[in-house]
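What follows draws every value from the coordinates through simple rules; no lab data is involved. Bear in mind that the values here come from a model prediction, so they are computed numbers and not experimental data. Note: ideal-geometry Cβ built from the backbone for every residue, glycine included; neighbour counts use all protein chains shown.
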Amino acid sequence: MKPVVLVFLALIFIGWDLEAQQERSPRFQKAMEEMQAERVSFLTSKLELTVDEAQKFWPVYNEYLKKREEIMFGRRERFNKDFNPEQISEEDMKRMLNEMLDQEISLAELKKEYYTKIQEVLPIKKVMRLQRAEQDFMNHMLNQIRGGKPGPDYKREGQSREPSKNPQGGGF
């Protein structure tokens, strides 16, 4: 998994940790609302959605995001910040690993289900572009968090690191 995706997932888990406190701070709530508004604008633009397509797409996509969050929140519940492998039996660690892998399968099945539903409201060409647009949005948000600085795949002063060779990005 790309480091950028890992950072984004870490930020999501931090958000869910705050949610576990039963109340989101006004600042966190505002940031989440702004991110959602930016997502709508970003994906609508990247997918070149018509007004009619957008009206059909967003309810389905938002339902997908809500269900995905519920699955991912379950992970945070099971693998809380106090996880210490030194204090857990090997059997429990095997069980936890299997639960984590089952969750990854659930996320993939959910994505497949909703991409099928999205095909009912968007042309297949736009559905195919959705995966890349989602990844581009995550990269865009991480770039904003970094204050506009480029990610780790770009050459920095004094380094000879080349951009990523995989233009399609990682998997899901």
Applied in sequence order to the range 42-50, the curve 6.51 cos²θ - 1.76 cosθ + 1.60 (Karplus, θ = phi - 60°) yields integer Hz couplings, x standing for Gly and Pro, of 5, 5, 4, 5, 4, 8, 6, 6, 6
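Fewest first, what order do Arg39, Arg129, Arg95 take by the number of other Cβ atoms within 10 Å? Can you show the working numbers first?
Working: Arg39 20, Arg129 17, Arg95 13.
Least to most surrounded, the residues fall as Arg95, Arg129, Arg39.
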Quick one: of Lys46/Lys117; Lys30/Lys112; Lys30/Lys117, which pairs are farther than 27 Å apart, Cα to Cα? Lys30/Lys112; Lys30/Lys117
Check Thr50: other-chain or 5+ apart residues with amide H under 5 Å from its amide H, H built from backbone geometry? none
Mind listing the phi-derived Karplus ³J(HN,Hα) values for the range 26-40, rounded to whole Hz, using 6.51, -1.76 and 1.60 with θ = phi - 60°, and x for any glycine or proline? x, 5, 5, 4, 5, 4, 5, 5, 5, 5, 5, 4, 5, 4, 4
